[in-house]
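The values are calculated or read from the model by the stated rules, or taken from the named source; none is laboratory data. Since the model is a prediction, treat every value here as computed from it, not as a measurement. Backbone-built Cβ (ideal geometry, glycine too); neighbour counts: all protein chains shown. Ligands, DNA and RNA are excluded from the accessible area calculation, which covers all protein heavy atoms including side chains. Shrake-Rupley method; radii C 1.70, N 1.55, O 1.52, S 1.80 Å.
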Amino acid sequence: MKSRYNPILLAIVLVGFCCALWLNVVRHEIEQKNDTVEMAMEYENLRKLAALEGLPEETVLERFKAAGITSLMVFDTTLERLNKNGVVTVATGEELRKAAALGGDAGVFKPVLKQKKLQTNAVYVAEGNDKEAFNDVMEDLRLRYGSERIRVLDDRQRIVEVLGSTALVPEDKYDEPLGLLQAPLGLAVNDMRKVSAMGFHVIVRPQNYTDISAEQVEGIFKRIKKANVKVTAYMPCGTQAVGYPDMLDYMAAKMKEQGMKLIMLEHYTQLQFAKIDGLLPLAAGVEYDAARSYVIDPTEQKKISVGEALRRWALTDEERNIRVNYIRPFMMPKDGKDLMSMNLEYVHNIVKSVKARGFKIGEAGVFENPVNNDGSIFVGPYFPDKMAYLPLIAGVMAAVVLYVSLLFNITRRRQLLLWAALSFAAAIVLMLGRGLLTRQLLALAAAVTFPVLSMSVIFNIWDNCHDKAKNLSSIIGNALWQLAFAIIMSLVGAMLLSAILTDSRFLLEIDIYRGVKITFILPVLMTILLYIKKYDMLQIMGRGIRAVIWKIRNFVNTDITLKHLLVLGILLFVVYYFVGRSGHTDGVPVTAAELKMRALLEQVMYARPRGKEFLVGHPAFFLAVLAAYKGAPRLLQFVLACAAVIGQGSLVQTFCHMRTPVWMSVMRAVDGYVAGAALGIVAVALVYLLLPYWERLRRRYLE
C-alpha cells in the first residue's frame, strides 16, 4: 500500500526545521567563540617533581610555563606540609612524650614538657621562620576546629595545643577521615603569591568546612585578598563545594565579586561531573560562568603510556567542550627518559595538539550569549526565549502525527486536530515552568520519530524500483543517493532535537538528555510496526479482531525447535550488544581491536563516526537496496530494513550529546555516510557476485 503524507503537516515540519536551523546557527556561533583552553597543573605536583629531580622549584616552574602550562592549582595547606617547609614547627603529643622519656629537652617545645600537661591525642604547633604564616595558621585552626579545641600554652614562645587525631593516612587513602597533620588548613598566602609572581593564573581549591558559616567563607577570600593576587577560578576539592549546604549563595556572590569562574571536573565515566555536593547549585549561583575540566584518573594514568595519554587531550577538548586540561605529571620514568624531560615533552605535545585543533591557549572560555534579544550588548549565560520553542514543538508534533497516520487510517482533518491538541498541551506545560521534562520528551519524540519517517519514505521508493535497472553499478548508485536522502531527512529531526535542548545548562552538561537506551530501541520497534502494517506481514488487514486472535493463538502454539532457539539466541546477543554499547556505565566493553580502529578513524577523519552507523546501519541499508531491487523475500527485506534504521537512529542520537559541538555532530554524520557507504559498496559487490553461485546451490538443493 502507498503511504500518503499530509502536506500541511509536512509544511509545519519544514517551518519548525527552519527555526531549528537558525537556533543551531546561534549555538554554533556561541561554541565557536568559546575557543580558549586552559592548561592547568597542581603546584604541589611540580614541587614534588622538583624535589625528585633535585632541581630548584623556580627552575621547574619556569620550564613548565615555557612548555605551555598557563595555570597552577593551589590547595589548602596542612600542618604536615608547613612543618616540612619550616613555616611552623609541629610535634605530636606522643612524640613529645617519647622525647621526655628519653631525657631530651624537646627543643622549642621545652615549655610544654615543663607544664607536664601533654595530651597524646593532640598536636603542638610553634612559630617557625615565618611570623605572618604562623598568624595565618592560628586563624585557620580557629576557623576549622573552633576555639574550644585550641589552647595557648606559651604566649612568649607562641606555642599552641590542638586536640584531635594525630594518625597519618597513606596517600592513596585520602578518602578516609584525616587527622590534624593532614587535614586542610586554608590557602597558603605565600603559595598564591609565588604562583602569581611566576606568571601563572591562580586556581584555588579550598575544602569546605563543617557547619559552614559566612565567616568561614569570608576567611577564604580574606586570605586571597591578603595575598594580593588575581585568582581566576575556583575548583571544588573533596566531596563538597565550599558553602554547602547553607552558604552556597554567599559563596557564589563572593566569586562573582572577585570575577572567579567555577571549574567543574568531568566524572571518570565521561558523564556529567565528579560527585560533589552543591556543585550544580553553585554553578547556577555564578550564572553558569563555568568551564568543564578533564583529568586522567591517577590509577588509570599509572597503567597507560605517555602516548595513549597524549592522544586523549585535544580530542577531549573538541568532542566534549573541555576547557580546562587538568594535567597530572607522570611520576615514574618511561621510555628511557628522565622525569623532567618526559613530562615537559608530554605537556609541550598536549599544547601542540590542542592548538592544531584550532584552540587558543589561555584562561578557560565559557559559553556566553553576547547579544540581548533587543540587540544590546550583554555577556551572560545563553537561554533562548521560550517563544522560540513554539515552532519547534509544532514541528515535532507534526512528525509524531505523520507517523501515527501511517499506522492508523486517520483523515487529514483529524490529523490536524490531533496535531493542534498535542502542540497546545506541550506549549502550555512548557510555558508554566522551566519546562525541562517537556523539552526532554520533545527531544525524545524527535530522536525516535524522524529516523522512522525517513525510512518510510525510502520504503515508498523501494516499492517503485522494480522496473529500474538491476545491474551492480545501478544498485550502488541508487543506494548512494537514497542513503544520503535518508540521512538528510533524519538530520531534520536532529536539528529540531539540538535546538530544543540548546542552552548553557545543556552545553555544560549540567542537564543531560535522558533515555539514551530507549532512543536506540524505539526506532527499531516503530519500524517493525510500520513495516508489518505497510506490507500486511501478519496477513490480517481487513479481517477483524478474530484474525488477530487466530494469529496470536497459532504463534503461542508453535512448537519450539533448535532452529528457533538458535535464532532467538542470535537476536538476544544482538540486542545485548546493541543496547549494551550505549550509555557510559555497565556496558559491553570495547575490544582492543576496536580501540585501534577508533584511533585510526580519529586520525583520518574530521570526527570519528559511530560504529552503529558505518558498521551496521549503513551497510545494511545498501544490502536492503540490493534486496529490494532483486525482489528478495519480504522477510529478508524486513530484517535489513530494521538493521538500516539503526544507522538513522544512531545518527540522530549523536545530537543528544549536547556537550559535543553541533558542527562536529554534523560532520560525524557526514563521515559516517562516507565510511558506511564504502563498507556498503563492498558488501553489495560481494553479495551481488556470490548470488549466481547461491542460486545454483539452491536449485541443486531443491532438485
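Quick notes on this structure:
- Descending principal axes extents, region 68-140, alpha-carbon based, whole Å: 54, 20, 19
- Accessible area, probe 1.4 Å, largest first, for residues R151, R323, R144: R151, R144, R323
- Calculated FRET efficiency, K117 to L679, Cβ-Cβ distance, R0 = 60 Å: about 0.15 to the nearest 0.05.
- Global dimensions of region 274-389 from alpha-carbon coordinates: Rg and Dmax equal 18.5, 62 Å.
- Separation in nanometres of the label points that stand 7 Å from Cα toward Cβ, at R696 and V25: 5.9
- Between region 117-157 and region 230-281, the alpha-carbon center distance in angstrom: 30
- Magnitude of the charge dipole, region 191-270, Cβ model with Lys/Arg +1 and Asp/Glu -1, debye to 20: 540
- Residue-wise HN-Hα coupling along region 609-620, computed from phi with Karplus coefficients 6.51, -1.76, 1.60 (Hz; x: Gly, Pro): x, 7, x, 5, 7, 7, 9, 10, x, 6, x, 5
- Probe 1.4 Å, protein heavy atoms only - accessible area per residue of the chain in square angstrom: 48
- Cα-based values for region 244-299, radius of gyration first and Dmax second, are 12.1, 37 Å.
- Sorting W419, W22, W663 on solvent-accessible area from highest to lowest, probe radius 1.4 Å, gives W22, W663, W419.
- Across the chain, C-alpha contacts under 8 Å between residues 6 or more apart give a mean separation that, scaled by the residue count, equals a relative contact order of 15 percent.
- Within the accessible area of the chain (1.4 Å probe), percent carbon and sulfur: 60
- Exposure rank, largest accessible area first [K534, K470; 1.4 Å]: K470, K534
- Legend: calculated FRET efficiency, L271 to K98, from the Cβ-Cβ distance at R0 = 41 Å, rounded to 0.05, equals 0.20.
- The chain - share of DSSP beta bridges that are antiparallel (%, nearest 5): 40
- Taking the Kirkwood radius as Rh and the Cα radius of gyration as Rg, the chain has a ratio of Rg/Rh equal to 1.09.
- Highest-first packing order for the peptide set 438-451, 156-169 is 438-451, 156-169, based on the mean count of other beta carbon atoms within 10 Å.
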